[in-house]
Structure formats: structure tokens, C-alpha cells
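Heads up, the thing below is written out as C-alpha cells.
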Amino acid sequence: RESWCASCGGARGSIGMVCFNMYIFNRNGVCLHYSEWSRPKNVKDGAGTLVDDAKMMFGLLFSLKNVCTAIDPTREVKRPLGAPTPHGEGCSFRSFTTDCYKLHYLDSPSGIKIVLNTSKDVGSLEKQMWVIYSSLYCEYIVKNPLYTVGEPFECEQFVQKLNKFVATLG
């Protein structure tokens, strides 16, 4: 059953977690999909447009992944900053928390990157991110014969299932 946060309008899970928004990117940084449940700060007050907002988000992910790989204390041979890192190699991050929100990140073997921004008091959503990837994205988008791989998509069934799933988080 869906529940909505009265104060900010976001999807609220069973214990009060708020989901703000979600991005799905391909390996080249193209924003394939954006969902928003609550965005207290209008995008025009920040990046200016949703396109610029998505570019800034992908740039953040790219930079953080490179910094994590560059400062990895377990790696004997350091990769130069910006050098491509094959999936599964090197150090990466799964989330980070600010004083306002928590960003959850999934970098799939196919190169699809999913970002889910939630309230800051949320624990790990790694398993739930994999559910979004495998049970929603792969099932309703990748397996859709009308979908062109690598292109942005709008799929009503995917959005409905995503909204239902996000409302159960927490």
C-alpha cells in the first residue's frame, strides 16, 4: 500500500523513510529515466534544467568512482585519476550521506547505473537497488521488444511497479 509523506509529498516507506528521486544512466552517462517523488528544492533553483541536473549527477558519480579507485589503499598499482576501471575491479562506493539526504548507488555489470536519493537516516538499500535493476528495469525495459537499448524510456508499467516498490521501502 502506497504511503505519502505529508510534509514533503515524497514516497514514504513503512518506517518513515522518504524517497526523493531516482536516476537510471547508461554507461555513457545518458539519463535513461528519471522519477521524482519529492523534490523540496526546485531544479530551477539548482542545476537549472533536468538535463543539466542529470549531467551534474552523472559527473558526481564519475568523479566519486575515480577518486575511490585512485585512493584505494589495498591496490599496489594505482590507476591515474580518470583512467577507465573495468567493472568489478578497484574500489567503488555504494552510498554516501549528507546532512540532507542519502544517495544510494548501483553500478551494474551491464553498465547501467541507478541512483536513489532518500532521507538521510536510511540504512543500506543495496539489495533493494538490485531488485530495481533485475526485477523492474530488466523485466519491464530490457525485455520490452519495443525498447531501443541505450535510449531514454518512458514505460507506464515500469513506473507503476517502481512507485509500488518504492512505497514499500523502509
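The values are calculated or read from the model by the stated rules, or taken from the named source; none is laboratory data. Owing to the predicted nature of the structure, the values given are computational and were not obtained by experimental measurement. Using ideal geometry, Cβ is built from the backbone for each residue, glycine included, and neighbour counts are taken over all protein chains shown. These area figures cover heavy atoms from the full protein model, side chains too; ligands, DNA and RNA do not enter into them. Shrake-Rupley method; radii C 1.70, N 1.55, O 1.52, S 1.80 Å.
So the values come out like this:
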item: Answer residue from the stretch 33-78, given it is of a type in the set (Asp, Glu) and farther than 15 Å from Asn117 by Cα and is surrounded by the fewest Cβ atoms within 10 Å (Cβ to Cβ) among those; result: Glu76
item: Filter result for the condition that a residue is open to solvent by less than 60 Å² (accessible area, probe 1.4 Å) and without any contact (Cβ under 8 Å) to a residue 12 or more places away in the chain, over Cys138, Cys155; result: Cys138
item: Residue match in the stretch 143-163 (condition: hydrophobic (A, V, I, L, M, F, W, C) and more than 16 Å from Glu36 (Cα to Cα)); result: yes
item: Residues being polar (S, T, N, Q) and without any contact (Cβ under 8 Å) to a residue 40 or more places away in the chain - total across the stretch 111-131; result: 1
item: Lone qualifier among Arg39, Arg27, Arg12, Arg75 - being modelled with pLDDT of 90 or more and of a type in the set (Lys, Arg); result: Arg27
item: Check on Lys161, open to solvent by 10 Å² or more (accessible area, probe 1.4 Å), basic (Lys, Arg), modelled with pLDDT of 95 or more and in contact with a Gly (Cβ under 9 Å, 6 or more places away or on another chain); result: no
